[in-house]
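Shown next, in structure tokens, is the structure this report addresses.
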Amino acid sequence: MEDIDSEYAARVAPGDFLVAGKNFGCGSSREHAPIAIKASGASAVIARSFARIFYRNAFNTGLPIFEAPRAVDEIDAGDLLAVDMRNGSLRNETKGREYGIAPIPPFMQELVAAGGLLRYMAARRKERVGP
């Protein structure tokens, strides 16, 4: 991120959304990129599109990501955003605009809720085997 925005780490706050362009995450073949984004405090990424492997790695680490090309063009820094991943909507509260996004499948919602694939699997194992 420092190559693009050297002030990112100083400005990002817990709950912020990272808004990006097309093919976001291209060249990222491991989980490190979504882990770093999540660790920065960003709660989700909204982009025109995502590189396929980044998309899967993001959900495997519990980072929700959403494709919303039209919204990307209309979101400004500081806008207050709200996402409903079950029903597939993104709302720009600052501008009073709503955008349709592809609903996240239930299993992937469970991955995000658990904090990623490893935590999801650990919880499932605990349910079956017990403490």
Need the failing condition index for residue 81 against (1) over 20 Å from residue 6 (Cα atoms); (2) of a type in the set (A, V, I, L, M); (3) without any contact (Cβ under 8 Å) to a residue 60 or more places away in the chain, just the number.
(3)
Unmet criterion (only one of (1) within 19 Å of residue 8 (Cα to Cα); (2) without any contact (Cβ under 8 Å) to a residue 40 or more places away in the chain; (3) surrounded by 17 or more Cβ atoms within 10 Å (Cβ to Cβ)) for residue 120
(1)
Could you give every pair whose Cβ atoms fall below 7 Å, whose first residue belongs to segment 33-51 and is touching a residue at least 40 places away in the same chain (Cβ under 8 Å), and whose second residue is hydrophobic (A, V, I, L, M, F, W, C), counting only separations of at least 6 or pairs across chains?
46/17; 46/19; 46/66; 46/68; 46/71; 46/72; 46/90
Per-region count, segment 85-96, residues touching a residue at least 24 places away in the same chain (Cβ under 8 Å) and surrounded by fewer than 16 Cβ atoms within 10 Å (Cβ to Cβ):
0
Given the criteria among the small types (Gly, Ala, Ser), surrounded by fewer than 20 Cβ atoms within 10 Å (Cβ to Cβ) and closer than 23 Å to residue 121 by Cβ, does residue 82 qualify?
no
Consider residue 99 against the criteria (1) surrounded by fewer than 16 Cβ atoms within 10 Å (Cβ to Cβ); (2) in a strand (DSSP E or B); (3) not hydrophobic (A, V, I, L, M, F, W, C): it satisfies all of them except one. Which criterion is unmet?
(1)
For segment 29-70, what are the residues that are over 23 Å from residue 107 (Cα atoms) and among the polar types (S, T, N, Q)?
40
Considering only helices (runs of 4 or more DSSP H) fully contained in segment 1-81, which possess at least 3 residues that are modelled with pLDDT of 90 or more?
32-39, 52-60, 69-74
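The values are calculated or read from the model by the stated rules, or taken from the named source; none is laboratory data. Keep in mind that this is a model prediction, so the values were computed, not measured. When we count neighbours, we look across all protein chains shown, and the Cβ atoms used for this are built from the backbone with ideal geometry, even at glycine.
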